[in-house]
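Read through the structure below, which is laid out as structure tokens, and then see the notes.
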Amino acid sequence: MESICVLMPIPMNAYLERQLEKRFNLFKLWTVPQKAQFIKDNADSVRAVIGNATSGADAELIDALPKLEIVASFSVGIDKVDLKKCKEKGIRVTNTPDVLTDDVADLAIGLMLALLRRLCESDRFVRSGKWKLGAYKLTTKFSGKTVGIIGLGRIGQAVATRAEAFDCPISYYSRSQKADVKRDSPHRQPIIGLGRIGQAVATRAEAFDCPISYYSRSQKADVKYKYYPTVVELAANSDILVVACALTEETRHIVNREVMDALGPKGRGPHVDERELVSALVEGRLGGAGLDVYENEPEVPEELFGLENVVLLPHVGSGTNETRQAMADLVIGNLEAHFLKKPLLTPVF
Ligand SMILES: O=CC(=O)O
């Protein structure tokens, strides 16, 4: 396969690059000074493009590469790939679902805790020496808060399982109601020989799939999540709103002004419509926001920088060594399968 030309437009991951270079003729576009000319010169040889959450394959790139057979995205989101054009031209598309679900759900819980318990602000409080002048202010409890999830797919369900361990009632919105949604985590068992706090910690750790050493008999009955047929109703009945759906034309700005107002000043959650989010936060109509994804990355609205009720992460939901390696292996596996004419491992189509 060494002769097969694969185009990577931007740097993504060193391990992925090494593995691609071992198997294919990898073109690292960012290292080339004359990019447009390079694409022109190699238009008849590039057969695969590697995408990610930042860079995909738009109509212009697809049209410029007549021999393109597959776009393999190093991400679960494929909103940067012109899917319609790929379909028209018979170009295969793959992504990296499942392997990143745990990390993204872990981070969603991390954002909720960081926001409500003001972890980042508390850290700044200690570092700045302000603690010496007095105790830090009280924050907001997370356990037991109502969590509303937009999109109960793999990631949404993983967030739900974790939030359940914090005794948060879960509700969700999706295009259609799911039949019998049940928690699918391992049986939750009471802890023997640990005190109340130890039990609470163990329950939470269990929801992150961490093995717990002490447990016994009784088993929690399956729990059904409450379904709301609109995002506004979900928001109106939630303390925290989690956006866990794919970005599509249908879901762009799904969290709009009406939804933010329904969530209200006690509500905290990630967003989609950034301009509305900034106004809602600045005007105090929304209690806070924990963000990992932005409309125009890496640009982040600067009005957010001065707000303490906001936690800002640089799109790192799947950003652990373990998961990025698993994602890279999946990209390679998909490319190999395609060029060996075997079934794709994780096809979008
Ligand atoms: O945003 C990250 C991804 O789509 O994997």
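Laboratory data are not the source of any read-out in this text; all were calculated from the coordinates shown. Predicted model only: the values in this text are computed from it and were never measured. Cβ sites come from the backbone with ideal geometry, for glycine too, and all protein chains shown count toward neighbours.
Ignoring aspartates and glutamates fewer than eight residues from residue 28 along the same chain, the ones with Cα atoms less than 13 angstrom from its Cα are 17. Compared with the rule-of-thumb size 2.2 N^0.38 Å for a compact globular protein, segment 27-103 has a Cα radius of gyration ratio of 1.13.
Across the chain, the mean sequence separation of Cα contacts (distance under 8 Å, 6 or more residues apart), normalised by length, yields a relative contact order of 17 percent. The residue list 125, 343, 298 was ranked by how far each Cα lies along the charge dipole of the chain toward its positive end, using unit charges on Cβ atoms, and 125 comes out on top. Taken about its Cα centre, segment 261-349 carries a charge dipole of about 500 debye when Lys and Arg each add +1 at the Cβ and Asp and Glu each add -1 at the Cβ. From the Kirkwood radius over Cα pairs of segment 1-160, Stokes-Einstein at 37 °C and 0.692 mPa s returns a whole-number translational diffusion coefficient of 173 µm²/s. The calculated pair-distance distribution of segment 68-149 uses every alpha carbon pair, bins of 5 angstrom beginning at 0, and gives 3, 11, 14, 12, 10, 10, 10, 9, 8, 6, 4, 2, 1, 0 percent.
Ranked from largest, the principal axis spans of the Cα set of the chain equal 64, 49, 44 Å.
FRET efficiency for the pair residue 2 and residue 248, taken as 1/(1 + (r/R0)^6) with r the Cβ-Cβ distance and R0 = 45 Å, rounds to 0.75. Beyond 23 Å in Cα-Cα separation lie the following of the pairs 22/341; 22/89; 89/342: 22/89. Dipole magnitude for the chain: about 1040 debye, using +1 per Lys or Arg Cβ and -1 per Asp or Glu Cβ, origin at the Cα centre. In this structure the amide hydrogen of residue 81, modeled in the peptide plane, comes within under 5 Å of the amide hydrogens of 57, none closer than 5 places in sequence on its chain. The relative contact order of segment 234-344, computed from alpha carbon pairs under 8 Å that lie at least 6 residues apart in sequence, is 18 percent.
Only aspartates and glutamates eight or more places from residue 130 in sequence, or on another chain, were considered; those with a Cα closer than 20 Å are 121, 308.
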